[in-house]
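Visitor: Handing you this structure, nothing more for now.
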Amino acid sequence: MSSERALAKSITIKFWGVRGSITCAGPETARYGGHTSCVEMRCGDDLLIFDAGSGIRKLGEKIVQSGSTRDINMFLSHGHIDHLIGLPYFAPLFRSGQNLRIWAGGFDQIGGTKAAITRLMSFPLFPVGLETASDGVSFNDFQRGEELLPCEGIIIRTAALNHPGGATGYRVEYGGLAVCYLTDTELDNIDSAWLSLARDADVLIMDSTYTNAELPEHKGWGHASWQQVVDFADAAGVKTLCLFHHDPDHSDDIMDRIGAEVTEARPGTIVAREGEIIEV
Ligand SMILES: [Zn+2]
Ligand SMILES: [Zn+2]
C-alpha cells in the first residue's frame, strides 16, 4: 500500500456508553451519560464494537435502521456485567442475514465465550436463550497476547490487564493509525506489555474510574485513577488520551472538575461523553 493511500484512511470512534460498574441515568449525569461501556470504531467501512454495556442497545437500533448487514466484529474486554448487559438487547444479534463475530479472551475456565453468553441469556436472567440468535452469530476465543485479524487491513493486538477475573486490552491498527482500548485495569504496577500496546497510539481510551484521592479505598477493585492514566499515557507517548469508564458516583459537576484538572495536567485530553465522536 502506498503511503498516500495509508494517509487517506481514518478511524471514527463513537461513544455509546462511558460508565463503569452500573448504569446511572438521571439529571445529575445527563451531560456525560449514564450508559455502561460500549465504543464503536469504524475503520473505513468496517465496524468494530468494543464491549456490550447498556450503551450498545442504541447502536444496535442505528445499525438496523441503516439497512446495512455488513459484518460486525465485537470485542469484549471481559465478562463483568457492565460490559455485557446490553448484548441481549442488541438488535443485530437476532437479525437474519447479519454476521456478528464476538471475540473474547479469558473465558476458558467456563468453556469459552459462547458458554459465557449462554449463561447471560438463560433462566432466570433473560427470557430467551442464545439459540434464538441469528445463524450468523459466531464466537472467536483467543488467548490474551494474541494478534487478531478481523478484517482485511486491520490488525488488533491484545494484552492481559490487571483486573479481578482478568480483562483484555486492545490496540487497533489501521492505515498507519492506532487506537487503544484499555479497560478495566489497575495501574499500581505497570506491565511493559501495556506500554507496548499503547506505544505512540493516536488515541488511548482508558479506564480512569477514580481520582487519586479515591484510589486508596478501592485497592484491588481493578481500576485506575485519571492521574495514573495521565502518567501512563505520557510514558507510552500517546497523542490523545481519552478518560473512560467513569465512576457512576461522579456527577456531571464532578466530571467537569476532573476535565478541568486533566486539561491542565495533559492538554488535549478528552473526557468521554456518551454520543461523542472522535475522528482519527
Ligand atoms: Zn467495568
Ligand atoms: Zn470489570
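Visitor: How would you classify the stretch 153-280 from its alpha-carbon gyration tensor, with a ≥ b ≥ c the square roots of the eigenvalues: rounded for a/c under 1.5, else prolate if a/b is greater than b/c, otherwise oblate?
Guide: oblate
Visitor: Name the residue from Ala272, Pro164, Ile56 whose Cα lies farthest towards the positive end of the charge dipole of the chain, charges +1 on Cβ of Lys and Arg and -1 on Cβ of Asp and Glu.
Guide: Ile56
Visitor: I want to verify a result. In a Gaussian network model of the chain, Cα cutoff 10 Å, which of these has the top mean-square fluctuation: Asn99, Asn73, Asn212?
Guide: The residue with the greatest mean-square fluctuation here is Asn212.
Visitor: Within a 10 angstrom radius of the beta carbon, how do Leu187, Leu120, Leu243 rank from fewest other beta carbons to most?
Guide: Leu120, Leu187, Leu243
Visitor: Could I ask something else about it? Taking only DSSP H segments of four or more residues, each worth -39500 (n - 2.57), what value at 222 nm results for the chain once the sum is divided by all its residues, to the nearest 500 deg cm²/dmol?
Guide: Details: 6 runs with 56 residues, N = 280.
That calculation yields -5500 deg cm²/dmol at 222 nm.
Visitor: Apply the Karplus parameterisation 6.51 cos²θ - 1.76 cosθ + 1.60, with θ equal to phi minus 60°, to every residue of the stretch 80-88 and state each ³J(HN,Hα) to the nearest whole Hz, in sequence, with x for glycine and proline.
Guide: Values, residue by residue: 5, 4, 5, 9, 10, 4, x, 4, x Hz.
Visitor: While we're here: For the stretch 247-261, just list the computed ³J(HN,Hα) in residue order, Karplus coefficients 6.51, -1.76 and 1.60, θ = phi - 60°, integers in Hz, with x standing in for Gly and Pro.
Guide: Residue by residue, the stretch 247-261 yields 4, x, 7, 8, 5, 4, 5, 5, 4, 4, 5, 4, x, 5, 5 Hz.
Visitor: Applying 1/(1 + (r/R0)^6) with R0 = 45 Å to the Cβ-Cβ distance of Glu264 and Glu146, what FRET efficiency is obtained, to the nearest 0.05?
Guide: Numbers: r = 39 Å, r/R0 = 0.86.
Given R0 = 45 Å and the Cβ-Cβ separation, E is 0.70.
Visitor: Continuing with this model, one more query. Would you kindly compute the Cα radius of gyration of the chain and its largest Cα-Cα separation (Dmax), both in Å?
Guide: Rg then Dmax for the chain, in Å: 17.8, 54.
Visitor: For a quick check, take a GNM of the chain with Cα springs below 10 Å and name the residue from Ser122, Ser37, Ser251 with the largest mean-square fluctuation.
Guide: Ser122
Visitor: Within 10 Å of each residue's Cβ, count the other Cβ atoms and sort Lys14, Lys219 from fewest upward. Please report the intermediate quantities before stating the final value.
Guide: On the way: Lys14 17, Lys219 9.
Fewest-to-most Cβ neighbours within 10 Å comes out as Lys219, Lys14.
Visitor: Next question. Within the stretch 10-279, what percent of beta bridges assigned by DSSP are antiparallel, to the nearest 5?
Guide: Of those bridges, close to 50 percent are antiparallel.
Visitor: Another question about this same structure. List Leu100, Leu87, Leu177 from most exposed to least, where exposure is judged by having the fewest other Cβ atoms within 10 Å.
Guide: Leu177, Leu100, Leu87
Visitor: About its Cα centre, what dipole magnitude does the chain give when the only charges are +1 on Lys and Arg Cβ and -1 on Asp and Glu Cβ, stated in debye to the nearest 20?
Guide: Values: 23 positive and 38 negative charges, 160 e Å.
I would put it at about 760 debye.
All of the numbers you see were taken from the coordinates with simple rules; none came from a lab. All values reported here derive from a predicted model rather than from experimental measurement. No Cβ is skipped: glycine too gets one built from the backbone with ideal geometry, and neighbour counts run over all protein chains shown.
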